[in-house]
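See structure below.
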Amino acid sequence: AKFRPPMAHGDGPGVARASRRVSFLVPFVGIREQLREGLPWISIGILTLLATVSLVLLFTGWTVACVNDGGSTGKMLLVANLLCAFILLVPQGVPAEMMLLFIGAICCFFSILQPKELFAGCASDAVVTLALLFPIMRAMGDTGVPERFIGCVLGTAKGPRDLIFRMFFAVALLSGFFNNTPIVVMMVPLLQNLCLRQGVPCQAVLMPLSFAAQAGGSLTKMGSSINFVADAVFEPYGYKIGFFTLTSGCFFICFLGAAYCALLGPRILKPAVESGAVDGSARNGGGENHFKVAFKASEHGPLIGATLEDLGLHRIPGVNEIALHRNWLRRGIELRATSSARREEEQQLGAEEQQLGAEDLIQITCSAEGVAQLRHVRGLELCNDFELSLLGSKRRTRCLCEAAVKESLVGSTIDARRWKSALRCAVVASRGADTAEEAEGTGTVGALATQSFNGYVIQSGDVLLLETFKEMVGSDIWVENFGVARLVPHSAPPRRGKPADSLRAVFIVVGLLAMIIIASCGEKAPSLPLMAVIFLCGIIMVKGLKLEEVYQEINGQVLLTIVGALALGRALEVSCLANCMAQCIIAVTKPIGTLAVKAGIYAATIGLGQFLNSAANVAIMGKIAIPIAHSMTIPVGEMALIVTYAASACYTAPYGYQTNTLVLKAGGYDWGDFIKFGGALQLLHMCLVVAMAAWCAK
């Protein structure tokens, strides 16, 4: 809202005009300032210079020998300029998927591509399968099976380096038999939660996760579509890639990647602000808005025998204080997330007294958001979980809600079954005047939290943390009984622990394995997209996911990026720019010797892989490598392995491989992070592949 202040005596028209540019809420920014600050002028200047040089070359009749029949110098120069625009503008914040589609549309306008080729990727089996696997992996993650696997492999890891080393081999093993993209989709939230509890920056783990998935794709032939394309390209020339042809080299690649990421990941991939530099009270907030909640460890769960410090619950955002109470121990073991003195006192106790037992009560003072995250820790249960189970099914439609009680409820006794029928809610925790006093240091810290709210007498000023159905908030009966209410985001109860959940988990795990095995049985077997459609329909039928959740899980940004990248790859191929780029590198390295030629083939494959689809990259570079192998008497098998391994390893660009794109936002990375951390690994990978290609080909 703009305003014009009254002109004082002596104010002239110039001052009046200036006053119109004053904003009451936000300072006015002129058009010149917006253009000066909002546009990447340096990149625009570079692109203008490149376009000018291209026009001069075009009008002077400049030609190159690498342009084959059907291509033209003008088309090659245009695609080269568009490629430079993508490289320069995407790091400036331009959405990659929109830039790729824009480049494809320009290529169609100038008849480099046919209009149907722009969206040909939408009908690609890879894109369709990936779109279906996003919700399938979400359903798989909801079963808790991946978390159990991660807990078995990584649960006893000591420190970030041990964690990364174990994770690398575990993910690589899975990627050898399953598509690596959905594996990364499934593992990202699990690793984020694990890193949070162990105090490890997730930035140090997520990029190695992507590299591990890429390395594991060469463990078997079915690990990646790249391997099948390479087999089709090189088999007519006498080298067939079998099921385990790439396995021996993959072992060395995985060991190199695991050692490199474990040693340098925690040192190079650091968050902008170290977690340890933030005060715990600032991270978890003050205690005046916290609830005191009673949890217990499942009798046969993974928490039995662990210590409070090992669990890392105090690192979960919103957790302020943790206390352990035992039936046979009168004094509690307390662990404050915001007090180092309390933690030192806890560490001085005996190891036996610190370990959790089945009869122990874990009292946690935390915010409503902290309660929502704690409920997803496997093996941790609310003491009043039975009262919440009275709400029945449809857990996906429920959430946590903070509600202040009205005077009409003060003095009344909570009847869990009546509240379930009348209000359709159950009490998780309460906060009243006594909680506020404890937060200020005037209450008794050791007072036990309420373990059951059935029979609880509501006091004046109570704020209840309720689990309820979303449609009940704001209804007439709620307005009559509750005052201000706040919905807690992402607080749906976990879908595990019930018999129906166990049966659903078995169906999803067995169905996923059956889908992969049947789709991999041969050419006559049903394709993977077909099996994915059938399996996803089965998941919806058993209520593993709702149809709305399926649509929400489909990552349109990643899919459009792949579609646009396929169109760009086709433009590079049609315009002969890909051929010219590869031949330039080979022409430079050929006089140096055989090893230099192999390194040149590797570098050309990596260079094209930054912009081309991996399968198209293998097809193009394979056709270029075969005549080079014949002319220099290099075995075709060596070239086949170099091209295949190189196309499966993109460590220096976030958009060169699908798994890099998936961890880009989750880890808060940019282009510089991939170049800084992945550049040295790419160089080591090249040296290893070139050195072992001759031995592996035999």
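The values are calculated or read from the model by the stated rules, or taken from the named source; none is laboratory data. Nothing here was measured: the structure is a model prediction, and the numbers come from that model. For neighbour counting, all protein chains shown are included, and Cβ atoms are generated from backbone atoms with ideal geometry for every residue, glycine included. Note: areas computed on protein heavy atoms with side chains; ligands, DNA, RNA excluded. Shrake-Rupley method; radii C 1.70, N 1.55, O 1.52, S 1.80 Å.
Starting from the residue with the highest accessible area, list Lys270, Lys524 in decreasing order, probe 1.4 Å.
Ranking Lys270, Lys524 by accessible area, largest first, yields Lys524, Lys270.
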- [ ] Between Lys406 and Lys270, with labels modelled 7 Å along Cα→Cβ, what's the label distance in nm to one decimal, could you check?
- [x] 5.5
Task: Solvent-accessible area per residue for segment 650-698 (1.4 angstrom probe, square angstrom) - done: 41
- [ ] Grab the beta carbon distance between Ala105 and Val533, set R0 = 22 Å, and tell me the FRET efficiency rounded to 0.05.
- [x] 0.15
Open item on the list: Below 13 angstrom from the Cβ of Gly667, what's the summed charge of the other residues (Lys, Arg +1; Asp, Glu -1)?
Closed with: 0
TODO: Would you mind computing, in nm to one decimal, how far apart the modelled labels at Cys687 and Leu190 are, each placed 7 Å from Cα along Cα→Cβ?
DONE: 3.4
Open item on the list: I'm checking a number: the convex hull volume of the Cα atoms of segment 187-262, normalised per residue, in Å³. What is it?
Closed with: 93
Task: Gain upon complete extension [Asn289, Asp125; 0.36 nm per residue less C-alpha separation] - done: 54.0 nm
Task: Where Cys584, Cys195 fall by accessible area, highest first, once all protein chains stay in place (1.4 Å) - done: Cys584, Cys195
- [ ] Could you please state, rounded to a whole Å, how far the C-alpha centre of segment 488-511 is from the C-alpha centre of segment 584-611?
- [x] 50
Open item on the list: 7 Å from Cα along Cα→Cβ at both Ser389 and Arg148: what's the point-to-point distance in nm?
Closed with: 1.8
Task: DSSP-loop GluC sites (Glu not before Pro) across segment 449-558, with at most 16 other Cβ within 10 angstrom - done: Glu523
- [ ] Please work out how much accessible surface Val145 shows to a 1.4 Å probe, ignoring ligands, DNA and RNA, in Å² rounded to 10.
- [x] 50
TODO: For Glu309 and Val510, calculate 0.36 nm times their separation in residues minus their Cα-Cα distance, and state this gained length in nm to one decimal.
DONE: 68.8 nm
Open item on the list: Looking at segment 457-586, I'd like the Rg to Rh ratio, where Rg is from alpha-carbon atoms and Rh is Kirkwood's inverse mean 1/r.
Closed with: 1.22
TODO: Please work out the FRET efficiency for the pair Leu263 and Ile592, using the Cβ-Cβ distance as r and a Förster radius of 30 Å; give the result to the nearest 0.05.
DONE: 0.45
Task: Sites Leu487 and Val457, calculated FRET efficiency, Cβ-Cβ separation with R0 35 Å, nearest 0.05 - done: 0.85
Task: Label point at Asn555 placed 7 Å out along Cα→Cβ; residues across segment 106-131 whose backbone nitrogen lies under 17 Å - done: 126-131
Task: For segment 463-553: relative contact order, % (alpha-carbon pairs under 8 angstrom, 6 or more apart) - done: 15
Task: Nearest-10 value in Å² for the accessible area of Cys580, using the 1.4 Å probe - done: 10
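Averaging over every viewing direction, what projected area does the convex hull of the Cα atoms of segment 468-512 cover, in nm²? Intermediate values should be presented prior to the final figure.
Working: hull surface 19.2 nm².
Over all viewing directions, segment 468-512 projects a mean Cα-hull area of 4.8 nm².
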Task: Accessible-area order (highest first, 1.4 angstrom probe) of the listed residues Trp671, Trp419, Trp41 - done: Trp41, Trp671, Trp419
- [ ] In vacuum, with every alpha carbon of segment 93-167 counted as one equal point scatterer, what does the Debye formula give for log10 I(q)/I(0) at q = 0.13, 0.14, 0.16, 0.20 Å⁻¹? Two decimals, please.
- [x] -0.69, -0.73, -0.78, -0.90
TODO: Determine how large the accessible area of Lys498 is when every protein chain is in place; take a 1.4 Å probe and give Å² rounded to the nearest 10.
DONE: 80
Open item on the list: Out of the trypsin sites (Lys or Arg not before Pro) in segment 87-193, which ones are loop residues according to DSSP with at most 14 other C-beta atoms within 10 Å?
Closed with: Lys158
Open item on the list: How much length would be gained if the chain were fully extended between Val56 and Phe244, taking 0.36 nm per residue of separation minus their Cα-Cα distance, in nm to one decimal?
Closed with: 62.5 nm
Task: Sorted largest first, extent of segment 646-698 alpha carbons per principal axis (Å) - done: 42, 19, 12
Open item on the list: When the expected Rg is taken as 2.2 N^0.38 Å, what fraction or multiple of it is the alpha-carbon Rg of segment 586-646?
Closed with: 1.01
